Amino acid sequence: MKTTIGVGEYASTKNPEENIQTLGLGSCIALCALDPKTRSVGMVHVALPDSMINPKMSIDLPGYFANTGIPALFDEMAKLGCDRRGAGFIIKLAGGAHVLGSDTNFHIGKRNLKAIQEVLDIYGLKISAMDVGGKCSRSVIIDTASGKVVVTYADRRKKQI
Amino acid sequence: VVQVLGIDSAEILKAVEEVPVLSDSASQLLMLASREDQSLLELEKVVEKDVNLTSQIFKVVNSAAFGLMTPVKTLGRGINYLGVRNVVGLALQMSVGSVYNGRLMGYESEPGELWNHCLQTAIAAREIAKCSKTKLNTDTAYAAGLLHDIGKAVISQFLFGTAQDILASIEHTESVDYLMKEEEITGTNHSKLGFELSKRWNLPQDFAQAILHHHHPDQAPDEFKAIAYIVHLADFVAMMVGSMTSSDAMLYQLDEGYREYIDFDELGLERVMSETCLEFRQIHDSLSSVRD
């Protein structure tokens, strides 16, 4: 069974038969959180760094922003028995592609990565693996049973991170 | 007749001729949307002649997505509530929905992806038009966004089976984009074919030029540069948030010349992205229900 999350959405599970995926990560970044202790996994599809630009939206769709999306995901995982502050989590990232020939306004992938790192710093968490940047759109899936995170590119190449 | 890799241009132009024509109401609504202002009465006159469109307007405006406390019962209020942009979207979906909703095999896309991409581009174009340095009707920008990629529906069949080779060949270079590869394979590209289709559909010049130049807005005639740049940026906004036609995702060149026409910084862009997402979520389901 696959649960697919859209832009700004998040999901978590400890059902080994339920995998979580997201499709078409342009400059967005999927943050995957794996908790070995409870064998739970979670994913949030972050589109922008900070909710300050649209506070109302962060209430309706907290996963859209790094600063509200990560806490929202961790709260969701806490319902599965995980530590609310993400203690012991393995964090993996994918996405954040850049636009060809883009100027700094369009470096949203980079700004997303920086914002995610800043939020993780607050939690004292490190990124253990990532496949971020480049010009290629990606999809990503977490295999809950094995904890494997697999990225698929538009050209169908797959890469485990 | 020029032959490029076994595809002759007459065959491609014939494919343009096979695309269904616009309904009278869609055509007239697009004409109104290209003007600087329109009166509600003018819109109502066009819509009321189209019974199916009228009933869809009531269906959409009274759908859960709009969450109105009391149902809308008069056409004028329905149009007023939806706005020109959504009425145009409905008219296009009802008239040439088959062009938008099919699976684009040449881009390895799923059914409906072209419509979703065009709808997000339209919403983003409207938001970006608010930052235009020259005054531009936001409904014109919206309709141009809805139309910008229609050429993909025509060129797709001639690109069938090419996506993986294209991706492999542009993987290691920054200077080659998807449009150049389309040109190499078919002798034309989706912008040019969209322009051909705009002639068949008798579209106003704002739309025809935005379609033709949305990847190279610098080449648009001066009077159409602003709209071409708006649609150019809106196309990227849609792709960045993951709304694309699949194999060509993100693989186009950004033209930084937009700064001359559009006044926004990185936060402005982020605001456009978030507003686009919100409106798309609200409108997508209600407009898509027209397909069923």
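Each reported figure results from applying straightforward, stated rules to the coordinates on display, with no laboratory input. All values reported here derive from a predicted model rather than from experimental measurement. Neighbour counts run over all protein chains shown; Cβ positions are idealised from the backbone, glycine included.
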Quiz item: Looking at region B:32-58, which of its residues are within 15 Å of B:Y142 (Cα to Cα) and either crowded, with 16+ Cβ neighbours inside 10 Å or in contact with a helix residue (DSSP H, G or I) (Cβ under 7 Å, 6 or more places away or on another chain) (or both)?
Solution: B:L32, B:A33, B:S34, B:Q38
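Can you name the residue in region B:247-283 that is at the interface with chain A (Cβ under 7 Å from one of its Cβ atoms) and in a loop (DSSP other than H, G, I, E, B) and is also farthest from the chain's Cα centre (by Cα) among such residues? Can you show your working first?
Step one: list which residues in region B:247-283 are at the interface with chain A (Cβ under 7 Å from one of its Cβ atoms), which gives B:247, B:249-254, B:256, B:265-267, B:269-271, B:273-274, B:277-278.
The next check asks that each one be in a loop (DSSP other than H, G, I, E, B); those that pass are B:247, B:249-252, B:254, B:265.
On the way: B:S247: 18, B:A249: 16, B:M250: 16, B:L251: 18, B:Y252: 16, B:L254: 18, B:D265: 24 Å.
Per the stated criteria, the residue is B:D265.
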Self-check item: Test set (1) facing another protein chain (nearest Cβ under 10 Å); (2) part of a helix (DSSP H, G or I); (3) among the small types (G, A, S) - B:S243 fails condition number
Solution: (2)
Quiz item: Being part of a strand (DSSP E or B) and more than 14 Å from chain B (Cβ to nearest Cβ), is that true of even one residue in region A:46-54?
Solution: no
Quiz item: Does B:A210 fit the bill of being more than 10 Å from chain A (Cβ to nearest Cβ), without any contact (Cβ under 8 Å) to a residue 12 or more places away in the chain and either of a type in the set (D, E) or farther than 15 Å from A:H98 by Cα (or both)?
Solution: no
Quiz item: When you go through (1) within 15 Å of A:C32 (Cα to Cα); (2) loosely packed, with under 15 Cβ neighbours inside 10 Å; (3) within 12 Å of another protein chain (Cβ to nearest Cβ) one by one for A:R138, which number turns out not to apply?
Solution: (2)
Quiz item: Which of the residues that make up region A:128-161 are in a strand (DSSP E or B) and either in contact with a Lys or Arg (Cβ under 7 Å, 6 or more places away or on another chain) or of a type in the set (S, T, Y) (or both)?
Solution: A:S128, A:A129, A:M130, A:D131, A:S139, A:V149, A:V150, A:V151, A:T152, A:Y153, A:Q160
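Results for (1) closer than 19 Å to B:A228 by Cα; (2) touching a Lys or Arg at 6+ places or on another chain (Cβ under 6 Å); (3) of a type in the set (A, V, I, L, M, F, W, C); (4) surrounded by 20 or more Cβ atoms within 10 Å (Cβ to Cβ), shown as yes or no for each residue.
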| residue | (1), (2), (3), (4) |
| --- | --- |
| B:Y142 | yes, yes, no, yes |
| B:H148 | yes, no, no, yes |
| B:F160 | no, no, yes, no |
| B:A163 | no, no, yes, yes |
| B:E182 | no, no, no, yes |
| B:T186 | no, no, no, yes |
| B:G194 | yes, no, no, yes |
Self-check item: Hits in region A:59-113 (condition: hydrophobic (A, V, I, L, M, F, W, C), within 14 Å of another protein chain (Cβ to nearest Cβ) and not in a helix (DSSP H, G or I))
Solution: A:L61, A:F65, A:A94, A:A97, A:V99, A:L100
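Name the residue that is nearest to the other protein chains (Cβ to nearest Cβ), counting only residues in region B:166-180 that are farther than 15 Å from A:V99 by Cα and in contact with a Leu (Cβ under 9 Å, 6 or more places away or on another chain).
B:L167
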Quiz prompt | Residues satisfying the stated conditions in region A:1-21, i.e. within 14 Å of another protein chain (Cβ to nearest Cβ) and in a loop (DSSP other than H, G, I, E, B) | solution = A:G6, A:V7, A:G8, A:E9
